[in-house]
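Here's the structure we're looking at; comments come further down.
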Amino acid sequence: MAVKRRTSKAEKKIAYDKKLCQLLDAYSQVLVVAADNVGSTQMQNIRRGLRGESVVLMGKNTMMKRSIRIHADKTGNHEILTLIPLLVGNVGLIFTKGDLKEVSEEVSKYKVGAPARVGLIAPIDVVVPPGNTGLDPSQTSFFQVLNIPTKINKGTVEIITPVELIKKGDKVGSSESALLSKLGIRPFSYGLVVLSVYDNGSVFSLEVLNLTEDDLAFKFASGVSMVTSLALAISYPTVAAAPHMFINAYKNALAIALQTQYSFPLAHKLKEYLKDPSKFAVAVAPVAAGDGGPAPAAAAEVNKEDVAEESEEEGGLGDLFG
């Protein structure tokens, strides 16, 4: 019977280095994931679900950093060195050619519920809901220790009000763990959690993948607004600020013309409106007629004559107020 030769540590390191370098050559997109409290069976299910377009690679951080540095030196692709600062804690790499958002959503499907074991740091707040627990009255000691208000209803213990049993970031105590176990509550869920995304040398957080087109349009509009405000504040001409600068300059020229003897065609027209406001009322009458019904015949005739006169002059109301 042939005896299988055991692979030495050096051979394992060489094989791991070769595999990681091959993946770095074949894939330009990498998801850095946290693998805390993820079991082997759960990991197998994740690998099976991602098979075809993604490869999951786990390993010691020191080995991964070493392989990345060696590959960067050999290929001259120093962009992949941006992965090294991300390899902190119990993390792994998912190499993919698919859509990054779809892959991250697929990974999140494989979270499984887990009991609140003693000593664990709670990732979320744990609230015990009110209602019948199904426990007999002899179990009330657990509730008394945790200051949970209860009453006996039909021979069983009933919780009166919802109770925040464990806060996020706190350690799970023995009493809390025992109570949740008796109630059959598995408050925590664990799985691979995407921490960062690497895409062709760029590194960004998972939140970027969740941005929609509306979010991008809003952020772009906000950026343009900030640039415009800054340019106007320091009187620095930019494409975004130029229309506002022209309008402000026109308003200043118009204000000077109204306060002095200097005039130009549009200012002259505005001066006439200020001297005789009835001219302005006649000019805007067609708009009022369009909103609330036909204008009187006399007003319509005056409007036609006024419009004809305005068409012969330089500019019009549209030019003045546009």
* Asked: What are the residue pairs meeting all of these: first residue in segment 215-239, first residue modelled with pLDDT of 90 or more, second residue among the acidic types (Asp, Glu) and surrounded by 11 or more Cβ atoms within 10 Å (Cβ to Cβ), Cβ atoms under 9 Å, and 6 or more apart or on different chains?
  -> none
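Which one is nearest to residue 195 (Cα to Cα), of the residues in segment 34-59 that are in contact with a helix residue (DSSP H, G or I) (Cβ under 9 Å, 6 or more places away or on another chain), outside any helix (DSSP H, G or I) and of a type outside the set (S, T, N, Q)?
35
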* To do: Check whether at least one residue in segment 4-20 is assigned to a strand (DSSP E or B) and aliphatic (A, V, I, L, M), and report yes or no.
  => no
* **Residue ID - nearest to residue 197 (Cα to Cα), chosen from residues in segment 80-113 that are among the small types (Gly, Ala, Ser) and surrounded by 18 or more Cβ atoms within 10 Å (Cβ to Cβ)** => 104
* To do: Residues being part of a strand (DSSP E or B), over 11 Å from residue 34 (Cβ atoms) and open to solvent by 20 Å² or more (accessible area, probe 1.4 Å): count how many of those fall in segment 194-208.
  => 5
* Considering only residues that are in a helix (DSSP H, G or I) and open to solvent by 80 Å² or more (accessible area, probe 1.4 Å), look in segment 236-256 and name the one that is nearest to residue 271 (Cα to Cα). => 256
* Identify the single condition in (1) at pLDDT below 80; (2) more than 30 Å from residue 221 (Cα to Cα); (3) open to solvent by 60 Å² or more (accessible area, probe 1.4 Å); (4) not charged (D, E, K, R) that residue 315 does not satisfy, given that it satisfies every other one. => (3)
* Any chance segment 128-147 includes a residue that's assigned to a loop (DSSP other than H, G, I, E, B), farther than 30 Å from residue 52 by Cα and within 35 Å of the chain's Cα centre (by Cα)? -> yes
* To do: Test residue 124 against the criterion of being within 30 Å of residue 212 (Cα to Cα), β-branched (Val, Ile, Thr) and part of a loop (DSSP other than H, G, I, E, B), and give yes or no.
  => yes
* Structure fact -> Among (1) in a helix (DSSP H, G or I); (2) modelled with pLDDT of 90 or more, residue 31 falls short only on (1)
* To do: Please name all residue pairs, on different chains or six or more residues apart, with Cβ atoms under 6 Å, provided the first residue is in segment 263-287 and is more than 25 Å from residue 252 (Cβ to Cβ) and the second residue is surrounded by 11 or more Cβ atoms within 10 Å (Cβ to Cβ) and at pLDDT below 75.
  => 282/302; 282/306; 285/295; 285/299; 285/303; 286/303
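The values are calculated or read from the model by the stated rules, or taken from the named source; none is laboratory data. The structure presented is a predicted model; accordingly, all values stated were derived computationally and were not measured. In this analysis, Cβ positions are derived from the backbone assuming ideal geometry, glycine residues included, and neighbour counts consider all displayed protein chains. Just the protein is used for accessible areas: all its heavy atoms, side chains included, with ligands, DNA and RNA removed. Shrake-Rupley method; radii C 1.70, N 1.55, O 1.52, S 1.80 Å.
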